[in-house]
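Peer 1: There's a structure below that I have some questions on.
Every number here is computed from the coordinates shown, using simple stated rules; none is lab data. Keep in mind the model is a prediction, meaning the values are calculated, not measured. Don't worry about glycine lacking a Cβ; one is built from the backbone with ideal geometry, like all the others, and counts go over all protein chains shown.
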Amino acid sequence: MSEDLIQSYSTKDLSIATICSHTALQIFHGARQEGFKTIGICRPERKELYEAFPYGSPDEFLLVDDFSEILQSEIQDRLIDAGAIMVPHGSFVEYVGPSRILEDLRVPTFGNKMSLNWEGNRHQELKWLSDAKLRLPNKFEPHEIDRLCIVKFHGAKGGRGFLLVSSEEEYHQLLEKSLKEGKISRLDADTAVIQEYAIGVRCYVHYFYSSILNRLELLSMDQRLESNIDELHRMGSTRQELAKLGVDPSYVVMGNIPMVLRESLLPEVLALGERTIESSQKLFSPGLTGPFCLEMICTPELEFIVFEISARIVAGTNLFPLGSPYSCYLWGEAMSTGRRIAWEMKEAQRTERLGEIIS
Amino acid sequence: MSEDLIQSYSTKDLSIATICSHTALQIFHGARQEGFKTIGICRPERKELYEAFPYGSPDEFLLVDDFSEILQSEIQDRLIDAGAIMVPHGSFVEYVGPSRILEDLRVPTFGNKMSLNWEGNRHQELKWLSDAKLRLPNKFEPHEIDRLCIVKFHGAKGGRGFLLVSSEEEYHQLLEKSLKEGKISRLDADTAVIQEYAIGVRCYVHYFYSSILNRLELLSMDQRLESNIDELHRMGSTRQELAKLGVDPSYVVMGNIPMVLRESLLPEVLALGERTIESSQKLFSPGLTGPFCLEMICTPELEFIVFEISARIVAGTNLFPLGSPYSCYLWGEAMSTGRRIAWEMKEAQRTERLGEIIS
Amino acid sequence: MSEDLIQSYSTKDLSIATICSHTALQIFHGARQEGFKTIGICRPERKELYEAFPYGSPDEFLLVDDFSEILQSEIQDRLIDAGAIMVPHGSFVEYVGPSRILEDLRVPTFGNKMSLNWEGNRHQELKWLSDAKLRLPNKFEPHEIDRLCIVKFHGAKGGRGFLLVSSEEEYHQLLEKSLKEGKISRLDADTAVIQEYAIGVRCYVHYFYSSILNRLELLSMDQRLESNIDELHRMGSTRQELAKLGVDPSYVVMGNIPMVLRESLLPEVLALGERTIESSQKLFSPGLTGPFCLEMICTPELEFIVFEISARIVAGTNLFPLGSPYSCYLWGEAMSTGRRIAWEMKEAQRTERLGEIIS
């Protein structure tokens, strides 16, 4: 980002802008709490939703038919004139695409855009998490299978069509069976990935790395609700019995529930976050800044196996617009991730360090 | 309700009354926050509970041995003298009965009493939900079975004694088996209802339709905890294996846990609520006003299948006396459904529109 | 505790001390809200965690390599000089041991230390719960088995290696099978305990008995998250199928999620707490004072079966540093168990009744 732009922003009345979806209610609510003007980039049919929540609604709507319109020069100029800082969230990244955000978005964006590129590419993501020495699910060759493994087939969506195996013999046996039954193709079989089946309870930890305060904050955590897997057990049938009834497990995120972890697990959870930040600073300087989430499983041995990173605000934070059981220990008052982002901007402007938290 | 009564209430110091059960702590707490006097209609043995919670306790107890006593002329006169507005909740409706509330309760009641009649009659409820074009679980004749269906037997309580079938053949086969084993009678078999087994994750959405502000509010949502089904999976056995051990699944509501939905699902959730209100205005003018709940399943395709409506405050709102992750976007401060009811009354009285929100 | 010590504490500026683990963030946060100075007894490697949460951090760290060091005379003198009152929590009791707390800890301790002894000894705990007429899971001899029972083997940890049986015949059959397969030893078989398998949904209720206000408070409740049992159902396999894959169920507590109970169940829940207090006053006068938790199952018949008591603050209260859906009805403001403890101390000192709440 140009020095001129940062310079012009440093004395301007800033506003916070985002795409009306995902965590926008929380982002606008938090911005309002910190005294920012807000701009919602919105599809016409979604406007009504935000108007239905006055305190989560933007001050100004910028209506677009397609979210990629925000890359149009005219719209970008308009946003820059308004002193807008964009807050990228999951839908933002999905609709616009990390590479276009990196290359074509001139509007100052909260955080380091490169983080989005690194989370969006499975190969880079693994490099990042490995470099941070997080414990990832192990990959296996058939002859290495010595524990319960999940065999994933390329293109099998929503968790459909995977195999559980615990030996090489069983692997070949079940693979042949699936081939014979026409459930998978020869190509599927040849490109199958064998991964340790990490058994434990899921936990999604919401961090915030503050470049301005130079500290890592653990703001909150959640468990995802996935349809239909989180209710399938109520049928009291095995996966095989369900398959006969035409019911396959699927893992479509529909919402979130709150949780806390044992206090004795928090040092490890903070350490995982810190290593993630340090690694990001090495891999794509100046590294990640702002909110991120590590998606992990806590095993019965109380080890954390990390299976994914989200390098921006995650939807699970929507549970905590009124603060969380962790953010109160950090701030002594109700602090959501949305408000935290706004606070960081305000403080960065005040201390003339805006350049460190936008890109 | 007589014009005289509304007239007399319009200048009176009002109080909020309800039966001491269900959501009474929340209703009294909210009434207190909005400055109302409160009256608790209470069985003697329950008084202690409310006294144990000073901020959820009514200012005055009206002790009865049986809740139907509130229909006695003397008690009704006393409540009317005190400027009481009754808030009906689930136990209120259950103990007094919707038709007696409609016909015999003279004390002004928050909301439209006819809503309670419509929710209380399965036939009318279906008419309402269908008219609102909500997606309900489909019903099938045996020869129509083309997907997983649940066969429900009349009188089978708590989810006991149902069958899961996915073809006509299987339907007849399992029905015969159940008859032979004496699990169901010939009458049960003849009156069985075959319904699509809606597979997804449950979500109970708490709405508030404000006649005074002319807007629909999404205040909160929950998931119900049901005993024993929500813990049965811990046994790691199939329904058949459990049946052999004498353990049947049951679905007795014992509590609630909080949740949020993906923001992108909220427009649809609001639309379902709006259609429910519009339909109520057509079917029983002036229609529903105040709190209601749609009980739904979110499928893996992120469609909502609605299986029930509660046309009054629901117990799941008890999670949010301190506000919810949605009500903060509506009110900018802690707003429970209980407090919301009190606010509506206060505003209705102030604007001389009490007649629109009581019946 | 000596009268002199109580005397000296009655006019001192008190501070609240605990071991940095378990619920320490909440305890320090609550102490701070009530204006107390705080002291954290901490292992060097844990200091960083507490420093990462400024509002949950103690004012002063007392670093130890082993928590039993707090029994050293010098450290105790230092704590007493600082007017410290110790708050015992789960890890505190685990690390120091209930008998050493009772015999060797001279620093005034919040609550009645004898409670910790009674909860810590399975024999005494059962006596206590039975005396309080709580419904416990029944024990059976083999010939008495007339319902689903769980057979627990001595030394089998984390829920591994238990049997489910529903008749004497099945008991002997499965026991022999396990012996033959070498899963259990003859000693295991001979010392096995047969217990009714209580089927229902778990609920952990957080009480606070106030000697100062002479009342029992229901502050909050939670459900524990246990790894891996709370996620195992996602595999869609029976216990037997999982065992073949080398996956055994385990019950290691990793965290907590919030819940509420139906309001109509609260009178019974309060009664269980009251009987527990009354019984404690009889068994170990003056009885339990301060926070405790009953760990129970709610059956489909809405009966509560109690399986354990914790006679001090429990980790599930960590969900509610901002108050709970119950504490707001008690206090009209955000009240955590941690803050409640501090409030009780402040009020006890003000009314010169410190001797009643410390030991």
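Peer 1: Once you order the gyration tensor axes a ≥ b ≥ c over the Cα atoms, which shape class does the protein assembly as shown get: rounded for a/c under 1.5, otherwise prolate or oblate by comparing a/b with b/c? Can you show the working numbers first?
Peer 2: Numbers: a/c = 1.02, a/b = 1.00, b/c = 1.02.
It is rounded, given that a/c, with a ≥ b ≥ c, falls under 1.5.
Peer 1: Could you give P(r) for region C:139-196, binned at 10 Å from zero, as whole percent values over all Cα-Cα pairs?
Peer 2: In order of increasing distance, the bins hold 26, 61, 14 percent.
Peer 1: Antiparallel as a % of all DSSP beta bridges within the protein assembly as shown, to the nearest 5? Show your work: numbers first, answer last.
Peer 2: Values: 123 of 165 bridges.
Of those bridges, close to 75 percent are antiparallel.
Peer 1: Packing-wise, with mean Cβ within 10 Å as the measure, how do B:208-215, A:291-298, B:338-345 rank, highest first? Present the calculation step by step, with values, prior to reporting the outcome.
Peer 2: Details: B:208-215: 17.0, A:291-298: 23.9, B:338-345: 25.5.
Top of the packing list down: B:338-345, A:291-298, B:208-215.
Peer 1: Assigning unit charges at the beta carbon (Lys, Arg +1; Asp, Glu -1) and nothing else, what dipole magnitude in debye, to the nearest 20, does the protein assembly as shown show about its Cα centre? Don't jump to the answer; show the numbers that get you there.
Peer 2: Numbers: 114 positive and 156 negative charges, 27 e Å.
It works out to roughly 120 debye.
Peer 1: Among A:Val201, A:Leu5, A:Ser359, whose Cα sits farthest toward the positive end of the charge dipole of the protein assembly as shown (+1 at Cβ of Lys/Arg, -1 at Cβ of Asp/Glu, about the Cα centre)?
Peer 2: Result: A:Val201, furthest along the dipole toward the positive end.
Peer 1: Once Lys and Arg get +1 and Asp and Glu get -1 on their Cβ, which of C:Ser285, C:Phe307, B:Ile257 lies farthest toward the positive end of the dipole of the protein assembly as shown?
Peer 2: C:Phe307
Peer 1: Can I ask one more? For B:Gln173 and B:Ser130 in the same chain, what is the full-extension length gain: residue separation times 0.36 nm, less their Cα-Cα distance, in nm?
Peer 2: Details: separation 43, 0.36 × 43 = 15.48 nm, distance 3.23 nm.
Using 0.36 nm per residue and subtracting the Cα-Cα distance, I get 12.3 nm.
Peer 1: In Å, what is the Rg of the alpha-carbon atoms in chain C, and how long is Dmax?
Peer 2: Every Cα atom of chain C included, Rg and Dmax give 22.1, 68 Å.
Peer 1: Another question, then. For chain B, what are the DSSP H helices with axial Cα length of 15 Å or more and mean Kyte-Doolittle hydropathy of at least -1.0?
Peer 2: Details: long enough: B:168-180 (18 Å, -1.48); B:266-283 (25 Å, -0.06); B:337-350 (20 Å, -1.42).
Qualifying helices, which must be both long enough and hydrophobic enough, are B:266-283.
Peer 1: Let me ask something else about it. Starting at the first residue of region C:308-320, write each ³J(HN,Hα) from the Karplus equation 6.51 cos²θ - 1.76 cosθ + 1.60 with θ = phi - 60°, in whole Hz, x for Gly and Pro.
Peer 2: Whole-Hz 3J(HN,Hα) from phi for region C:308-320: 6, 10, 10, 9, 6, 4, 10, 5, x, 5, 4, 5, 10.
Peer 1: OK, next. Is the C-alpha gyration tensor of region A:31-146 telling us rounded, prolate or oblate? Criteria: a/c under 1.5 is rounded; beyond that, a/b larger than b/c is prolate, otherwise oblate. Before the final figure, lay out each step's value.
Peer 2: Details: a/c = 2.49, a/b = 2.18, b/c = 1.14.
It is prolate, given that a/c is not under 1.5 and a/b is the larger ratio.
Peer 1: HN-Hα J couplings of region C:85-95 from phi, Karplus 6.51/-1.76/1.60, θ = phi - 60°, integer Hz, Gly and Pro as x?
Peer 2: Result, rounded to whole Hz: 10, 7, 10, x, 10, x, 6, 4, 5, 5, 6.
Peer 1: If you average the alpha carbon positions of region A:56-98 and of region A:240-313, how far apart do those two centres end up, in angstrom?
Peer 2: For region A:56-98 versus region A:240-313, the Cα centre distance is 28 Å.
Peer 1: A further question follows. How would A:Thr276, B:Thr11 line up from fewest to most surrounding beta-carbon atoms within 10 angstrom?
Peer 2: Working: A:Thr276 26, B:Thr11 10.
Ordered from fewest to most neighbouring Cβ atoms within 10 Å, A:Thr276, B:Thr11 come out as B:Thr11, A:Thr276.
Peer 1: Place the label 7 angstrom along Cα→C-beta at C:Asp4 and in each other copy, then list the distances from the first to the rest in nm, shortest first.
Peer 2: Inter-copy label distances (nm, one decimal, shortest first): 8.1, 8.1.
Peer 1: Simple spin-label model, 7 Å along Cα-to-Cβ: B:Leu63 to A:Glu69 in nm?
Peer 2: Going from the B:Leu63 label point to the A:Glu69 one covers 6.8 nm.
Peer 1: Considering only C:Tyr326, C:Leu25, C:Gly56, whose Cα is most displaced toward the positive end of the charge dipole of chain C, charges sitting on Cβ of Lys, Arg (+1) and Asp, Glu (-1)?
Peer 2: Among C:Tyr326, C:Leu25, C:Gly56, the one farthest towards the positive end of the dipole of chain C is C:Tyr326.
Peer 1: Along Cα→Cβ at 7 Å, what distances in nm separate the B:Gly246 label point from those on the other copies, shortest first?
Peer 2: 3.8, 3.8
Peer 1: Can you give the relative contact order of region B:306-359 as a percent, counting alpha carbon pairs under 8 Å and 6+ residues apart?
Peer 2: Over region B:306-359, the number comes to 22 percent.
Peer 1: Next question, about the same structure. Can you give me the distance in nm between label points at B:Glu308 and C:Glu241, each placed 7 Å from the Cα along the Cα-to-Cβ direction?
Peer 2: Placing both labels 7 Å along Cα→Cβ, they lie 3.0 nm apart.
Peer 1: What size of dipole, in debye to the nearest 20, comes out for region C:139-196 about its Cα centre when the only charges are +1 on Lys and Arg C-beta atoms and -1 on Asp and Glu C-beta atoms? Let's see the in-between values first.
Peer 2: Working: 9 positive and 11 negative charges, 91 e Å.
Dipole of region C:139-196, to the nearest 20 debye: 440 debye.
Peer 1: Can I ask one more? Sort shortest first the distances from C:Glu69 to its counterpart in every other copy, using label points 7 Å along the Cα-to-beta-carbon line, and give them in nm.
Peer 2: Result, one decimal in nm: 6.5, 6.5.
Peer 1: Let me ask you something else. From Cα pairs below 8 angstrom and at least 6 apart in sequence, can you work out the relative contact order of chain B, rounded to a whole percent? Show your work: numbers first, answer last.
Peer 2: Working: 651 pairs, mean separation 77.0, N = 359.
Reported as a whole number, the value is 21 percent.
Peer 1: May I ask which residue of chain B has the beta-carbon nearest to the axis carrying chain B onto chain A, and at what distance in whole Å?
Peer 2: Closest Cβ to the B-to-A rotation axis, residue and whole-Å distance: B:His233, 2.
Peer 1: Using a Förster distance of 45 angstrom, determine the FRET efficiency expected from the C-beta separation of B:Glu278 and A:Glu94, and round it to 0.05.
Peer 2: Numbers: r = 33 Å, r/R0 = 0.73.
Between B:Glu278 and A:Glu94 the formula returns 0.85.
Peer 1: Still on this structure, I have one more. Mind listing the long-range amide H neighbours of A:Asn228? Cut-off is under 5 Å, sequence gap 5 or more, other chains count too, H placed in the peptide plane at 1.01 Å from N.
Peer 2: Residues meeting the amide H criterion: A:Ser250, A:Tyr251, A:Val252.
Peer 1: Calculate, in whole percent, how much of the Cα-Cα pair population of region A:1-76 lies beyond 16 Å.
Peer 2: Values: 1509 of 2850 pairs.
In whole percent, the share of Cα-Cα pairs in region A:1-76 beyond 16 Å is 53.
Peer 1: Just to be sure I understand: of the beta bridges DSSP finds with both ends in chain C, what percent are antiparallel, rounded to 5? Write down the numbers at each step before the final one.
Peer 2: Values: 39 of 53 bridges.
Here the share of antiparallel DSSP bridges comes out near 75 percent.
Peer 1: Can you give the Kirkwood hydrodynamic radius of region A:129-267 from its Cα pairs, in Å with one decimal?
Peer 2: Values: mean 1/r = 0.0558 Å⁻¹.
Result for region A:129-267, one decimal place: 17.9 Å.
Peer 1: According to the square roots a ≥ b ≥ c of the eigenvalues of the Cα gyration tensor, what is the shape class of region C:55-99, taking rounded for a/c under 1.5, prolate for a/b larger than b/c otherwise, and oblate for the remainder? Can you show the working numbers first?
Peer 2: Numbers: a/c = 1.55, a/b = 1.13, b/c = 1.38.
In terms of gyration-tensor shape, oblate.
Peer 1: Applying the Karplus parametrisation 6.51 cos²θ - 1.76 cosθ + 1.60 with θ = phi - 60° to the phi angles of region B:41-56, what ³J(HN,Hα) value in whole Hz is obtained for each residue in order, glycine and proline being reported as x?
Peer 2: Those phi angles translate into 7, 9, 7, x, 6, 9, 4, 4, 4, 6, 5, 6, 10, x, 8, x Hz.
Peer 1: Run the numbers on region A:139-196 and let me know its relative contact order in percent, using alpha-carbon pairs under 8 Å that are six or more apart. The partial results should precede the final answer.
Peer 2: Details: 78 pairs, mean separation 28.9, N = 58.
Result for region A:139-196 is 50 percent.
Peer 1: Out of residues 5 or more away from A:Ala17 or on other chains, whose amide H comes under 5 Å of its own, with H placed 1.01 Å from N in the peptide plane?
Peer 2: The answer is A:Ile39, A:Ile85, A:Met86, A:Val87.
Peer 1: Once amide H atoms are placed 1.01 Å from N in the peptide plane, what residues at a sequence separation of 5 or more from B:Ser336, or on another chain, have their amide H within under 5 Å of its amide H?
Peer 2: Close amide H contacts, sequence-distant or interchain: B:Gly323.
Peer 1: How long is the gain from A:Asp13 to A:Arg122 if the chain were fully straight, where each residue apart is worth 0.36 nm and the alpha carbon distance is subtracted? Let's see the in-between values first.
Peer 2: Values: separation 109, 0.36 × 109 = 39.24 nm, distance 3.83 nm.
Taking 0.36 nm per residue and subtracting the Cα distance, the gain is 35.4 nm.
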